[in-house]
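J.: Sharing a structure, written as structure tokens. Questions coming.
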Amino acid sequence: MIRITDKKRCTGCEACANVCPVQAITMLPDREGFLYPTVDESICVECGLCVKRCPVLVERCVGRPIVAYAVQNKDECVRRESSSGGAFTAIAQEVLRQGGLVFGAAFDPKFEVVHISVSASDELSRFRGSKYVQSRIGTTYAEVKKALLAGMYVCFSGTPCQIEGLMQYLGKPYDNLIAVDVVCHGVPSPKLFRKYLNYQQDKYGPLKGIYFRDKSYGYAGSTMALRFTSGRTISNGRELQFFKDTFFRNLSTRPSCYACPFKTAGRVSDFTLFDCWHIGNWNRKMDDDKGTTFVLIHTSKGRDLFEKLMPELRYCLVDALAAVATDGDMAVASIPSHPARSSFFADMDRLSVPMLMKKYVPSSLFRHVLFLVKPILFRMHLLPILKRLLK
Ligand SMILES: Cc1cc2nc3c(=O)[nH]c(=O)nc-3n(C[C@H](O)[C@H](O)[C@H](O)COP(=O)(O)OP(=O)(O)OC[C@H]3O[C@@H](n4cnc5c(N)ncnc54)[C@H](O)[C@@H]3O)c2cc1C
């Protein structure tokens, strides 16, 4: 049976809990707020499936992407609501047009991030935009399998570990499944996110919406925005924003993200999506600071689907490995752990949000200036220097 002795070797993908034939495995949060499997030994029949289907423990065999594009959805409203160019919505819409089902990460009414499915195009907005919190898979792998066996066309999207978890859970390939993963920096603690939201709601009242990548100041200058039912909105760039700042400084991330085994250019998915920050380098006409998605296509099934989407997209062909090298370092490299990570999590329950902020991500005049000049630095291709300054 599965026993987690090294937290770096459990991504929380929930494959083990889903594959267990007697439901002996429950995913429980640790003190940092990340989920890990716990086996009820009185129920366990020792079939070993939980170990055999753990994507971290099995050997993987992946090739290289077959083709890659930089993509913008022609629907400007969709593009504005999406983190980058709105490629995901275009893929999902095609699946829905064929009577399919789309799975992805959405906020529930309490602003927990959970995996759900939708069958109507107007519900796809729930998936738009990256949520920088680990989402709960729940029973969605089983729902995917049921739909696939019923012959439905299914699109499942998530982080690379969730896609690997799904593939292991399914145990065999399905022609009617389209798997979409996002390049993933890592996932921050849901417990920290809850603490942060409680702090903000105590100050400003109930929340109406959360946008991790609000484009009101453009794509390069995107901010995290919180909208409250009172009509108030607070919107800050990463440099001034406690939650996103702890995330990008690698203080609040899941241990397995520091040694992610799925960060390779080749994937088990059909599509990999990530930010194309410097579209001007590839195609000047597409450079409008409204967001562009790099799309790596790994399978002929993915390529066939993409060809159907082309009329809805502005796109240009790019070299896949060059795209990964310029903007997608997170596709192939795990983040380094922050030296103060343990102390941050030790303080998380003890200290208030303002105290954590003061101790770990203090505001300064430099950071305020950085927020203002960030879009200019991006346009001048000074992103690597900016990244170094933020460390
Ligand atoms: C946690 C996280 C970290 C990321 N880190 C990077 C990075 O370092 N570099 C980079 O280039 N791109 C990163 N991305 C991907 C990027 O932000 C965009 O999601 C991607 O460019 C696709 O954008 P889009 O405009 O096509 O679609 P969008 O509409 O923005 O994408 C939405 C898709 O993301 C999925 N999604 C959203 N939140 C989650 C979540 N918490 N868990 C699982 N799936 C989720 C949805 O199911 C949907 O498929 C990250 C995304 C996430 C969720």
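J.: Just for region 99-109: of the residues that are more than 17 Å from Pro188 (Cβ to Cβ) and more than 9 Å from the ligand (Cβ to nearest atom), which one is surrounded by the fewest Cβ atoms within 10 Å (Cβ to Cβ)?
T.: Among those that are more than 17 Å from Pro188 (Cβ to Cβ) and more than 9 Å from the ligand (Cβ to nearest atom), it is Pro109.
J.: Cβ-Cβ under 7 Å, sequence separation 6+ or interchain: first residue in region 52-81 and under 12 Å from Val268 (Cα atoms), partner within 12 Å of the ligand (Cβ to nearest atom). Which pairs?
T.: Here the result reads Pro55/Cys13; Pro55/Cys161; Pro55/Gly165; Pro65/Leu296, each pair linking region 52-81 to a residue that is within 12 Å of the ligand (Cβ to nearest atom).
J.: Can you find even one residue in region 227-242 that is at pLDDT 95 or above and open to solvent by less than 50 Å² (accessible area, probe 1.4 Å)?
T.: Yes, there is a match, as at least one residue in region 227-242 is at pLDDT 95 or above and open to solvent by less than 50 Å² (accessible area, probe 1.4 Å).
J.: Which residue out of Glu81, Glu112, Glu32, Glu94 is open to solvent by less than 60 Å² (accessible area, probe 1.4 Å) and either within 12 Å of the ligand (Cβ to nearest atom) or within 20 Å of the chain's Cα centre (by Cα) (or both)?
T.: Every option except Glu32 fails the conditions.
J.: Only residues that are open to solvent by 30 Å² or more (accessible area, probe 1.4 Å) and either acidic (Asp, Glu) or not in a strand (DSSP E or B) (or both): list them for region 184-214, please.
T.: Once the filter is applied, which keeps residues that are open to solvent by 30 Å² or more (accessible area, probe 1.4 Å) and either acidic (Asp, Glu) or not in a strand (DSSP E or B) (or both), region 184-214 yields His185, Pro190, Lys191, Arg194, Lys195, Asn198, Tyr199, Gln201, Asp202, Lys203, Tyr204, Pro206.
J.: Would you check which residues across region 121-138 are more than 6 Å from the ligand (Cβ to nearest atom) and under 20 Å from Phe248 (Cα atoms) and list them?
T.: Matches in region 121-138: Gln134 only.
J.: With respect to Gly165, is the statement that it is under 12 Å from Ala105 (Cα atoms), touching a residue at least 60 places away in the same chain (Cβ under 8 Å) and within 13 Å of the ligand (Cβ to nearest atom) true?
T.: It is false that Gly165 is under 12 Å from Ala105 (Cα atoms), touching a residue at least 60 places away in the same chain (Cβ under 8 Å) and within 13 Å of the ligand (Cβ to nearest atom).
J.: Going through region 1-24 one residue at a time, which ones are at pLDDT below 95, open to solvent by 30 Å² or more (accessible area, probe 1.4 Å) and among the β-branched types (Val, Ile, Thr)?
T.: Correct list: Ile4, Thr5.
J.: Take Ser269 and decide whether it is part of a helix (DSSP H, G or I), touching a helix residue (DSSP H, G or I) at 6+ places or on another chain (Cβ under 6 Å) and not aromatic (Phe, Trp, Tyr).
T.: No, not satisfied.
J.: Is it the case that region 261-280 has a residue that's more than 28 Å from Tyr69 (Cβ to Cβ) and open to solvent by 30 Å² or more (accessible area, probe 1.4 Å)?
T.: no
J.: Separate question: Note down all Cβ pairs under 6 Å where the first residue falls in region 82-111 and is assigned by TED's automatic domain parsing to the domain that holds Val133 and in contact (Cβ under 8 Å) with a residue 24 or more places away in the chain, the second is part of a loop (DSSP other than H, G, I, E, B) and more than 13 Å from the ligand (Cβ to nearest atom), and they're at least six residues apart or on different chains.
T.: Between residues of region 82-111 that are assigned by TED's automatic domain parsing to the domain that holds Val133 and in contact (Cβ under 8 Å) with a residue 24 or more places away in the chain and residues that are part of a loop (DSSP other than H, G, I, E, B) and more than 13 Å from the ligand (Cβ to nearest atom), the close pairs are Val95/Tyr153; Gln98/Tyr153; Gly100/Met152; Gly100/Tyr153; Leu101/Ser119; Leu101/Met152.
J.: Hand me the list of helices (runs of 4 or more DSSP H) wholly inside region 277-374 holding 2 or more residues that are closer than 22 Å to Thr264 by Cβ and within 16 Å of the ligand (Cβ to nearest atom).
T.: Output list reads 300-309, 320-326, 329-332.
J.: Just one of Gly138, Gly221, Gly158, Gly171 is touching a residue at least 60 places away in the same chain (Cβ under 8 Å) and open to solvent by less than 20 Å² (accessible area, probe 1.4 Å); which is it?
T.: Just a single option satisfies the conditions, and that option is Gly221.
J.: Let me ask something else. Do the conditions hold for Asp214, that is, is it closer than 30 Å to Ala150 by Cα and touching a strand residue (DSSP E or B) at 6+ places or on another chain (Cβ under 6 Å)?
T.: It is false that Asp214 is closer than 30 Å to Ala150 by Cα and touching a strand residue (DSSP E or B) at 6+ places or on another chain (Cβ under 6 Å).
The values are calculated or read from the model by the stated rules, or taken from the named source; none is laboratory data. Remember, it's a predicted structure, so these values are computed and weren't measured experimentally. No Cβ is skipped: glycine too gets one built from the backbone with ideal geometry, and neighbour counts run over all protein chains shown. For accessibility, only protein heavy atoms count, side chains too; no ligands or nucleic acids. Shrake-Rupley method; radii C 1.70, N 1.55, O 1.52, S 1.80 Å.
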